């Protein structure tokens, strides 16, 4: 069952996916915290932990469902025209729709974070939550909304890795469990870090655009799509991993340079203050 973890590609996919699950889950943590904070103080931590545990269970169930649908690779309809040839399967439909959804969702999220950063927060604060059960229901609904792009990201990152859908499912479940445990343990430090470096979240959303495009091309490839006689090929996962790793390296270098600039600025201010005295 865990033979997949002997593969270097699987480890790269697991680490990358876990990172994306955590960064993309920050909004989820924020909204869960808002819902939980409307309860009495003695119930807030309990509601947050239960919310995250239910989030994990919900995501694993959705992973099984999506993995089952992605496994239906036999075409049930064929298109043969003078310029387009393809065999449509449930696998291709799920990957194509999922890819288009990620492209739409990531673009919308980037726009909203730049133009309307407090829109969803204000909307949630306006809702009344008076009991523990209402808070849990609200948290489960919130997580379901946030689970969709998380699940599709997992599918995109693990498709084609291992010997079959079961290997990919194992990787996805491990990544989800690890990310939820990390969020439960370090929710506040992670939230502070992301608030201090909002570009990390925008970077993760940009990765979703890459993953969405890859899912669309993968759907076309698995459908043996030919446009004007040219078959659409699969995009090697290595390109995606390199783009993500390079972007993160640049971002961490930027963070280090900004930190150095802040220290130099503080030292200069202190020196100027002593000189003025």
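Readers should treat all values here as calculations from the given coordinates under stated rules, not as data from a laboratory. What you are looking at is a predicted structure, and each value in this text was computed from that prediction instead of being measured. Positions of Cβ are backbone-derived with ideal geometry, glycine not excepted, and every protein chain shown enters the neighbour counts.
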Next on the checklist: Quick check: the distance between the Cα centres of segment 12-70 and segment 203-253, to the nearest angstrom?
Outcome noted: 26
Next on the checklist: With 10 angstrom as the radius, rank 181, 29 by how many other C-beta atoms surround their C-beta, starting from the fewest.
Outcome noted: 181, 29
Item to check | Ranked list, fewest to most other Cβ atoms within 10 Å of each Cβ, for 77, 241 | outcome: 77, 241
Checklist entry - By count of other Cβ within 10 Å, fewest leading, how are 76, 64, 31 ordered? => result 76, 64, 31
